[in-house]
Structures are given as structure tokens and as C-alpha cells.
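Input: a single structure, listed below in C-alpha cells.
The values are calculated or read from the model by the stated rules, or taken from the named source; none is laboratory data. From a predicted model like this one, the values you see are computed outputs, not experimental measurements. As a convention, Cβ positions derive from the backbone with ideal geometry for all residues, glycine included, and neighbour counts pool all protein chains shown. Areas reflect the complete protein model, heavy atoms only, side chains present, ligands, DNA and RNA absent. Shrake-Rupley method; radii C 1.70, N 1.55, O 1.52, S 1.80 Å.
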Amino acid sequence: MTIDISEAEAERHRRKMEKRKALMDRRVAERQHEKGLLMVHTGPGKGKSTAALGLMLRAAGHGFRVGFIQFIKGAWATGEQVALERFDDLIDHYTMGEGFTWETQDKARDIAAASRAWDKAREIMADPRYRLLVLDEINLALRYDYLDIDEVVATLVSRRPDLHVLVTGRNAKQPLIDAADLVTEFQNVKHPFNAGIKAQAGIEF
């Protein structure tokens, strides 16, 4: 398909893009500071953990060592478990949950699992080899008060300055949002589950 553009329209577009490029170049030049970021993926929409996996792949592509702790997923087999085995020299994957809370139906067991996962997270934060730590679904553990929000936020804020941390899960608590450098909210516009379509391998797990 060919779209005809007049010379005048092409010239207007060129001038507009010149101005935009100058603005963007100036903004980029003004931002030269680097730091480890505290990032949050939250909201009711699908894709929070999926986006985290993409970030991990990007980090590994730069040779960063990555720690990936799943606070909720337990014995349920997932595609990422198999795929991440191919990156075991750079990505350390810890599945430390007991499954979704409505499946375990045991609060003491869920609290113990969350505590073990948080201990592993603190261990990784203290290890200078790691450049990125992903705390998958920790927001759910915080929502149900399986972990103390103040202690978690204080630890994340006081981490070493070169470590990036990404936390995922819906219903992120406000103290975590306030402390974060980057917060992305995933919205649920349309989901196949509501149309009677089950969770499918390669998409949901």
C-alpha cells in the first residue's frame, strides 16, 4: 500500500520531527545519573510476571546475574521453569511458594513459605554478584500481611545502590508505591477466562 504525501506535508513533518528530536536529545543529555531501581508491577490486569520475565531476559543479555523468587507459585509446573534452565549460568530461579492461598487454605503454612522466600531475597540482596532481583507475587504476601510491609520497604530502600529490584503482584501497598522509582499498573480490559477459556500452557503458565 502506497500513501501519497505532498511536498508541503513532508516538509511540515520533517520540521516537526527536527523539533521533537532536539527536545528529546536535550532531555536525554540532562539525565546522566544511574542507580539501582525499585520497580513495581501491579494492577488487576494480566502480564505482570510475564513482563518481569522479559526484563530478566534483557538483563541476562547484558550479562547481569539475576535472582528470581516466586513467592506464590509452588509445585505447579510452568514454562518459565523449563526455559530458565537454559540460563542457569545467569538466572537463579527459586520457586518457594505453596500455591495460591485459596488452594493451601493454611495461613500458618503460607506465612512460613513467605518468610522463607523473604529470607532468600535478603540473602540475594547481600550478594554483590546480582544486578537484578525479581520478587514475583510478593505483593500478594504483603496484602495478606504474611510479611511486614514496613520491614520489607525499609530493606528494599536500604539495599546496595547498584541492585535493581522488581516486585510484582496486584494490590501493591501504598508504602511500596511511594518508595518505588517506577510503578506500572496493568489494567484488565478483556480476559479470556471471563469468556470460559481456561488457563493455557505457554500463555498463563
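Within region 173-190, restricting attention to residues that are closer than 16 Å to Val152 by Cα and charged (D, E, K, R), which residue is most open to solvent (accessible area, probe 1.4 Å)?
So in region 173-190, the residues closer than 16 Å to Val152 by Cα come out as 173-181.
Right, trim to charged (D, E, K, R) and you get 173, 178, 181.
On the way: Lys173: 56, Asp178: 110, Asp181: 76 Å².
Within region 173-190, the match that is most open to solvent (accessible area, probe 1.4 Å) is Asp178.
Quick one: Asp92 ticks every box in (1) in a strand (DSSP E or B); (2) open to solvent by less than 10 Å² (accessible area, probe 1.4 Å); (3) of a type outside the set (Lys, Arg) except a single one, so which number is it?
Status for Asp92: all satisfied but (2).
Is region 157-164 home to any residue that is more than 14 Å from His41 (Cβ to Cβ), open to solvent by less than 30 Å² (accessible area, probe 1.4 Å) and touching a residue at least 40 places away in the same chain (Cβ under 8 Å)? Steps first, please.
Filtering region 157-164 down to residues more than 14 Å from His41 (Cβ to Cβ) leaves 157-163.
If we keep only those that are open to solvent by less than 30 Å² (accessible area, probe 1.4 Å) too, we end up with 163.
This time we only want the ones that are touching a residue at least 40 places away in the same chain (Cβ under 8 Å), so: 163.
Yes, region 157-164 has at least one match.
Just one of Arg109, Arg122, Arg170 is touching a residue at least 60 places away in the same chain (Cβ under 8 Å) and either surrounded by 13 or more Cβ atoms within 10 Å (Cβ to Cβ) or of a type outside the set (S, T, N, Q) (or both); which is it? Lay out the reasoning, then the answer.
Numbers: Arg109 fails: touching a residue at least 60 places away in the same chain (Cβ under 8 Å); Arg122 fails: touching a residue at least 60 places away in the same chain (Cβ under 8 Å).
Only one candidate passes the filter, namely Arg170.
Cβ-Cβ below 7 Å, separation at least six or inter-chain, first residue in region 85-96 and modelled with pLDDT of 90 or more, second crowded, with 17+ Cβ neighbours inside 10 Å and part of a loop (DSSP other than H, G, I, E, B): which pairs?
Thr95/Lys73
Within region 26-43, restricting attention to residues that are over 9 Å from the mean Cα position of the chain (by Cα) and touching a residue at least 40 places away in the same chain (Cβ under 8 Å), which residue is most open to solvent (accessible area, probe 1.4 Å)?
Lys35
Can you tell which of Asn139, Asn188, Asn194 is touching a strand residue (DSSP E or B) at 6+ places or on another chain (Cβ under 8 Å) and polar (S, T, N, Q)? Break it down into steps so the answer makes sense when it comes.
Working: Asn188 fails: touching a strand residue (DSSP E or B) at 6+ places or on another chain (Cβ under 8 Å); Asn194 fails: touching a strand residue (DSSP E or B) at 6+ places or on another chain (Cβ under 8 Å).
Testing whether each residue is touching a strand residue (DSSP E or B) at 6+ places or on another chain (Cβ under 8 Å) and polar (S, T, N, Q) leaves just Asn139.
Taking only pairs six or more apart or across chains, which ones have beta-carbon atoms under 9 Å, a first residue in region 44-59 that is farther than 17 Å from Glu85 by Cα, and a second residue that is among the β-branched types (Val, Ile, Thr) and open to solvent by less than 40 Å² (accessible area, probe 1.4 Å)?
So the pair list comes out as Lys48/Thr42; Lys48/Thr168; Ser49/Val134; Ser49/Thr168; Ala51/Thr168.
Return yes or no: is Gly63 part of a loop (DSSP other than H, G, I, E, B), open to solvent by less than 100 Å² (accessible area, probe 1.4 Å) and not basic (Lys, Arg)? Steps first, answer last, please.
On the way: part of a loop (DSSP other than H, G, I, E, B): yes; open to solvent by less than 100 Å² (accessible area, probe 1.4 Å): yes; not basic (Lys, Arg): yes.
Yes.
Pick from region 66-89 the residues that are touching an Asp or Glu at 6+ places or on another chain (Cβ under 8 Å) and of a type in the set (Val, Ile, Thr): which of them is surrounded by the most Cβ atoms within 10 Å (Cβ to Cβ)? Full working, then the answer.
Going residue by residue through region 66-89, those that are touching an Asp or Glu at 6+ places or on another chain (Cβ under 8 Å) are 66-74.
Imposing the further condition that a residue be of a type in the set (Val, Ile, Thr) reduces the set to 66, 69, 72.
On the way: Val66: 24, Ile69: 23, Ile72: 27.
Going through the qualifying residues, I end up with Ile72.
Is it the case, given these coordinates, that His41 is within 12 Å of Leu135 (Cβ to Cβ) and not in a helix (DSSP H, G or I)? Can you show your working first?
Numbers: within 12 Å of Leu135 (Cβ to Cβ): yes; not in a helix (DSSP H, G or I): yes.
Yes, satisfied.
Somewhere in region 191-205, is a residue of a type in the set (Asp, Glu), at pLDDT below 95 and either open to solvent by 80 Å² or more (accessible area, probe 1.4 Å) or out of contact with any Leu (no Cβ under 9 Å at 6 or more places or on another chain) (or both)? If you could, list the steps in order and put the result at the bottom.
We begin by selecting, within region 191-205, every residue of a type in the set (Asp, Glu); these are 204.
Among the residues that remain, those that are also at pLDDT below 95 are: 204.
Right, trim to either open to solvent by 80 Å² or more (accessible area, probe 1.4 Å) or out of contact with any Leu (no Cβ under 9 Å at 6 or more places or on another chain) (or both) and you get 204.
Yes - at least one qualifying residue is present in region 191-205.
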